[in-house]
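To start, the structure itself, in structure tokens.
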Amino acid sequence: MNRRLFAEFVGTFVLVFAGTGAIVFDAANPGKIGHPGIALTFGLVVMAMAYAVGSVSGAHLNPAVTFGLWLARWTPGRDVVPFIVAQLLGAFAASGLLFAMFPNHSTLGATLPYGPPWHSFVLEAWLTAVLVFVILAVSVAKPEVRPLGGAIVGGVIALEALFAGPISGASMNPARSLAPAIISGSLEHLWIYLTAPFIGALIAVPVCACVQQPGCCRTKEACT
């Protein structure tokens with residue numbers, strides 16, 4: 001595993017362990033963390049990993065982000081599958097460790113819809129579209145803004161988790177949803193979290209191109 005893939009593995013491991021761990025720890029100690037604390041945990045850990053591994057791999061930490069950056073021609077096609085595999089391995093390692101620590105927890109922080117499943121599907125697509133749009137827009141922002149990218153993206157994730165978490169779980173990340181669902185057996189609504197984020201990424205790229213044209217989408221030559 002090269003350095004870039006190992007960075008994605010480590011970054012996703014830390015993200016999933018801290019984020020879903022906050023959910024598990026909150027269930028073990030009711031009232032100690034709470035929904036705002038869980039949302040902030042997700043945002044802060046993404047911010048931390050963006051600065052910790054961003055210079056190595058770009059800190060995608062999310063198959064939908066990798067897919068969106070490939071669509072925008074910021075990520076070479078040859079990197080897509082290896083990046084996603086590394087992210088999944090990191091997520092499964094994190095959920096496996098949480099299972100070893102809390103084997104009786106029913107979901108291990110898996111994302112589940114509260115209310116009609118289609119509400120969560122729409123929300124997950126919209127949330128991911130906003131996330132990928134912001135990532136792309138920050139990437140082509142003025143030079144003085146770009147160093148703040150990790151804080152901006154972490155802030156977006158915390159914001160979206162704060163207001164959408166009670167409905168859809170605010171995953172925006174197939175790796176983050178797949179690992180705890182598989183290990184805990186919470187599979188009933190997994191399809192939402194494996195499909196909607198990719199649709200959101202698909203929406204974000206042309207929207208960003210319209211807003212930021214021509215910066216959001218690089219030429220094909222830039223990715224080869």
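The values are calculated or read from the model by the stated rules, or taken from the named source; none is laboratory data. Since the structure is predicted, the reported quantities are computational estimates derived from the model, not experimental observations. Heads up, the Cβs are rebuilt from the backbone with ideal geometry, glycines too, and the neighbour counts pull from every protein chain shown. SASA here: full protein model, heavy atoms, side chains in, ligands and nucleic acids out. Shrake-Rupley method; radii C 1.70, N 1.55, O 1.52, S 1.80 Å.
One residue alone among W118, W126 is without any contact (Cβ under 8 Å) to a residue 24 or more places away in the chain, assigned to a helix (DSSP H, G or I) and not charged (D, E, K, R), and that residue is W118. For A48, indicate whether it is out of contact with any Leu (no Cβ under 7 Å at 6 or more places or on another chain), assigned to a helix (DSSP H, G or I), touching a residue at least 12 places away in the same chain (Cβ under 8 Å) and open to solvent by 20 Å² or more (accessible area, probe 1.4 Å). Against the criterion (out of contact with any Leu (no Cβ under 7 Å at 6 or more places or on another chain), assigned to a helix (DSSP H, G or I), touching a residue at least 12 places away in the same chain (Cβ under 8 Å) and open to solvent by 20 Å² or more (accessible area, probe 1.4 Å)), A48 qualifies.
Taking F83, is it in a helix (DSSP H, G or I), within 16 Å of T128 (Cβ to Cβ) and open to solvent by less than 40 Å² (accessible area, probe 1.4 Å)? The answer is no for F83.
Counting only residues that are open to solvent by 60 Å² or more (accessible area, probe 1.4 Å) and in contact with a helix residue (DSSP H, G or I) (Cβ under 6 Å, 6 or more places away or on another chain), region 88-101 holds 3 of them. Just one of the listed residues (A64, A137, A110, A59) is surrounded by 24 or more Cβ atoms within 10 Å (Cβ to Cβ), among the small types (G, A, S) and in a helix (DSSP H, G or I), and it is A64. A single member of I167, I183 is over 19 Å from T12 (Cβ atoms) and at pLDDT 95 or above, and it is I167.
Of the residues making up region 67-80, those that are assigned to a helix (DSSP H, G or I), open to solvent by less than 40 Å² (accessible area, probe 1.4 Å) and of a type in the set (A, V, I, L, M) are L69, V80. The set of residues from region 192-210 being within 16 Å of the chain's Cα centre (by Cα) and without any contact (Cβ under 8 Å) to a residue 24 or more places away in the chain comprises just one member, L194.
The C-beta contact set for region 85-103 (first residue within 12 Å of P174 (Cα to Cα), second residue open to solvent by 70 Å² or more (accessible area, probe 1.4 Å), distance under 8 angstrom, 6+ apart or interchain) comprises F92/I182.
Of the residues making up region 92-104, those that are in a loop (DSSP other than H, G, I, E, B) and either of a type in the set (D, E) or closer than 10 Å to T20 by Cβ (or both) number 0. Checking each residue in region 26-45 for being open to solvent by 50 Å² or more (accessible area, probe 1.4 Å) and in a helix (DSSP H, G or I) picks out A27, A28, H35, P36, L40, L44. Taking region 147-173 as the range and being open to solvent by less than 10 Å² (accessible area, probe 1.4 Å), part of a helix (DSSP H, G or I) and not small (G, A, S) as the test, only E160 passes.
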